[in-house]
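Structure first, then comments.
Bear in mind these aren't lab numbers, they're just calculated from the coordinates by the rules spelled out. This is a predicted model, so every value here is computed, not measured. Note that we place each Cβ from the backbone using ideal geometry, even for glycine, and neighbour counts take in every protein chain shown.
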Amino acid sequence: MTAADHIAVALDHASVDDNLDLIRRLKGRAKWLKIGMRLFFAAPERSIEAARDAGANIFLDLKLHDIPETVRGAARSLARFTPELVTIHASGGAAMATAAVEGFREGGSPNTAVIGVTILTSFDPHGLAQVGFALPPAAAALQLAEHTASAPIAGWVCSTAEVGALRARFPSHRLIVPGIRPAGSDPGDQRRIGTPASAIEQGASLLVIGRPIIAAPSPEQAFDDILREVATALEAR
Ligand code: C5P
C-alpha cells in the first residue's frame, strides 16, 4: 500500500461538469474517489464511469439509513455499480447493517465493503445533545461501532478525535476519517477536525478530503502536499 491508498478525494463540487473535470485532473494521482449524494443523485452513471476511467476505486458515500428491508433493496439496486466502499448510518443498527451487506451480495457485488458512519464530523457535543444523544461524540461513536460490530461490516467512519480509541478496540476494521484539515486551513462546517498526519498516526485507514483539495487553487498541488504528509506519518506509525 502506498500513501495514495489512504486518501479519498470527495467529489463535492456543485456542478457535475466541475466534478468530471476534477476527476480528469486527478487521474493518475487519486486512487480513491468519493461520490456523495449530490453528485450521485445528479449523474450516477456518468460519475461512476468517469471515476472508473480514471482508474480509481469507488467510494459511494450515500449514508443509507432506513428499515433493514429497504436498505437491503437499496443495496441490491446499487450493486450494479460494484463500488469498493459504501456508507450506511451505524445508527440504523446491526440488523440494518447486515441487510446492507446481504443486499450487495444478493445484487452481485459481494466484495463491496459496507462502512457504518458513526457520528457526523459536523456535530460538536452540544449539537449532538440537541438531537437526543446522551453521550458525548467519542463515547457515542464507540457505542455505535460496538453495536454494529456484530454485523459483517468492514468498518466505520469517525473523526480524528475517535479514531485512536476505535483502532485500539478494532485492530483490523477499516477506519475512515473525514474532517481532515491540513494545519492552518479553513474548517468550514466541520467541527471535529484533525490534520492528515494526526489521523494517520492514530490508525486511520483512509482519509476523506474534500475542500482542502478541491477548493485549492491547484488541486494537484494540494493533493501532492497531503500525500507527502501522509507518507511521512505512515513511516512513523
Ligand atoms: O470538504 P470536506 O473535507 O469537509 O469534505 C468532507 C467530506 O466527507 C464530505 O463529502 C462529507 O459528506 C463527508 N463526510 C463527513 N463526515 C462524515 C461522513 C462523511 O464530513 N461523518
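State, as an integer percentage, the relative contact order of the chain based on alpha-carbon contacts under 8 Å between residues 6 or more apart.
19 percent
In a shell of Cβ-Cβ distance under 13 Å around ARG72, excluding ARG72 itself, what net charge do Lys and Arg (+1) and Asp and Glu (-1) give?
-2
Once each part is reduced to its C-alpha centroid, what is the distance from segment 1-48 to segment 69-123 in angstrom?
Between the Cα centre of segment 1-48 and that of segment 69-123, the gap is 20 Å.
Sorted by mean Cβ packing within 10 Å, highest first, what order do the peptides 7-14, 79-86 take?
By packing density, highest mean first, the sequence is 7-14, 79-86.
Quick one: which residues, 5+ away or cross-chain, put their amide H under 5 Å from the amide H of VAL117? H built at 1.01 Å from N.
Amide H to amide H, under 5 Å and 5 or more residues apart or across chains, VAL117 pairs with ILE88, HIS89, ALA90, VAL157.
Applying the Karplus parametrisation 6.51 cos²θ - 1.76 cosθ + 1.60 with θ = phi - 60° to the phi angles of segment 54-70, what ³J(HN,Hα) value in whole Hz is obtained for each residue in order, glycine and proline being reported as x?
Coupling constants for segment 54-70: 7, x, 9, 6, 9, 10, 8, 9, 9, 6, 5, 7, 6, 5, x, 5, 5 Hz.
Less than 24 Å apart at the alpha-carbon level, and either on another chain or at least 8 residues along: which lysines does that give for LYS63?
LYS31, LYS34
Placing +1 on the Cβ of each Lys and Arg and -1 on the Cβ of each Asp and Glu in the chain, which of HIS147, ALA54, ILE200 has its Cα farthest towards the positive end of the resulting dipole?
HIS147
Mind ordering 178-185, 132-139 by average Cβ neighbours within 10 Å, highest first?
178-185, 132-139
Suppose each label sits 7 Å from its Cα in the direction of the beta carbon; what would the ASP189-GLU49 distance come out to in nanometres?
Using points 7 Å along Cα→Cβ, the separation is 3.0 nm.
Which value, in debye to the nearest 20, describes the size of the charge dipole of the chain about its Cα centre when Lys and Arg Cβ atoms bear +1, Asp and Glu Cβ atoms bear -1, and nothing else is charged?
240 debye
What is the dipole size for segment 142-190, taken about its Cα centre, with +1 at each Lys and Arg Cβ and -1 at each Asp and Glu Cβ, in debye to the nearest 20?
Result for segment 142-190 is approximately 200 debye, rounded to the nearest 20.
Quick check: from the Cα gyration tensor, does segment 3-236 come out rounded (a/c under 1.5), prolate or oblate?
The shape class here is oblate.
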